[in-house]
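Everything on this sheet refers to the single structure shown next.
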Amino acid sequence: MVLLAAGMGKRLQPVTRDLPKCMTPLHGRPLVHWQMAAARRAGLSEFTLVGGYRADRLAGLGAPVLVNPDYETTNMVESLWCARERLEEDVLVSYSDILCSPGLLSAAAGAAHDISVAVDMRWRAYWEQRFPDPLSDAESLSLEPDGRIRSIGQKVKDLDGIEAQFIGLIALSRRGARTLLDRYEAERGSADRDGRRMFMTDLLQGAVSDGVAVHAVPFPGGWLEVDSLSDLELGRRLTRPQEDMLEVLR
């Protein structure tokens, strides 16, 4: 499992003033600790962290730490690029500000396609809890009848056409990883745009637009994101510590 953990967490300050975002404490343990614990419960045993801001604070998590030195001017895809040598076999790639149930992680890791994207089909009620105006954050996600993604990560004018939301979790085969990395490498060196600022959904949408099969793995909740102080408070209410892991109550 590769965890992308370079972010500063500006919307979580002052909690993250001296911590990377993934180390935000929830029920006494860092977010990334809980995500790794759930992954272990799901049968995953090998982890790589890609740090950036205060990457030194990741040293005690028991996993190798790679560093995105340009974390201040790049996004998740550059962190994924920094871990490219870890993508030579099937891998689960996770944002590190999310918490997932073991069942969700197990199902995502077992997806049969080259590029499999975890999506929340019951996203709307959760977004209504998180945002006064869900439209301010929600992005497009529409599906073909066979489960392939038609559109992802685009701004929308209303909520009605949104079928799900991307949760920040992708399962990749070696071939799927190479497909995405090759696309990013071409954009990364482009003279007419700063491809290194690319968002993950931009990379996925570009692949979809070029005919690459990107499949959705749908879930009815079973995860949380902690991107702001209000998310953190909501996360306290929607989780419950259980032995060595955190139960997600949605």
Q: Considering each of Leu105, Leu66, Leu143 in turn, give the residue that is over 29 Å from Ser45 (Cβ atoms), surrounded by 16 or more Cβ atoms within 10 Å (Cβ to Cβ), of a type outside the set (Gly, Ala, Ser) and at pLDDT 95 or above.
A: Leu143
Q: Would you be able to tell me the number of residues in the stretch 1-32 that are among the basic types (Lys, Arg) and farther than 20 Å from Leu246 by Cα?
A: 3
Q: Tell me, please, whether a residue that is within 18 Å of the chain's Cα centre (by Cα), assigned to a strand (DSSP E or B) and in contact (Cβ under 8 Å) with a residue 40 or more places away in the chain can be found in the stretch 194-215.
A: yes
**Q.** Hits in the stretch 124-138 (condition: farther than 19 Å from Gly222 by Cβ and either touching a strand residue (DSSP E or B) at 6+ places or on another chain (Cβ under 7 Å) or of a type in the set (S, T, N, Q) (or both))
**A.** Ser136
Q.
Can you find a residue that is closer than 21 Å to Arg236 by Cβ and of a type in the set (Ser, Thr, Tyr) anywhere in the stretch 17-37?
A. yes
Q: Report yes if Ala38 is outside any loop (DSSP other than H, G, I, E, B), among the hydrophobic types (A, V, I, L, M, F, W, C) and more than 20 Å from Cys100 (Cα to Cα), otherwise no.
A: no
**Q.** Scope the stretch 220-240; condition assigned to a strand (DSSP E or B) and touching a Cys at 6+ places or on another chain (Cβ under 9 Å); matching residues
**A.** Trp223, Leu224
Q: From Asp160, Asp137, grab the single residue that is of a type in the set (Asp, Glu) and within 18 Å of the chain's Cα centre (by Cα).
A: Asp137
Q.
Could you go through the stretch 183-195 and let me know if any residue there is under 24 Å from Ser79 (Cβ atoms), surrounded by fewer than 17 Cβ atoms within 10 Å (Cβ to Cβ), at pLDDT 95 or above and of a type in the set (Lys, Arg).
A. no
Q | Which listed residue, of Glu72, Glu88, is outside any strand (DSSP E or B) and closer than 29 Å to Ala107 by Cβ | A | Glu88
Q) Of the residues in the stretch 226-240, how many are of a type outside the set (A, V, I, L, M, F, W, C) and out of contact with any Lys or Arg (no Cβ under 8 Å at 6 or more places or on another chain)? A) 6
Q. On the given criteria, is Glu78 part of a loop (DSSP other than H, G, I, E, B) and touching a residue at least 40 places away in the same chain (Cβ under 8 Å)?
A. no
Q) Mind checking which pairs have a first residue in the stretch 25-47 that is farther than 23 Å from Ser228 by Cα and a second that is loosely packed, with under 13 Cβ neighbours inside 10 Å, Cβ under 9 Å, 6 or more apart or different chains? A) Ala39/Ser45; Arg40/Asp244; Arg41/Asp244; Phe47/Gly62
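The values are calculated or read from the model by the stated rules, or taken from the named source; none is laboratory data. Please read these numbers as outputs of a predicted model, since none were measured by experiment. Cβ: placed from backbone, ideal geometry, glycine included. Neighbour counts: every protein chain shown.
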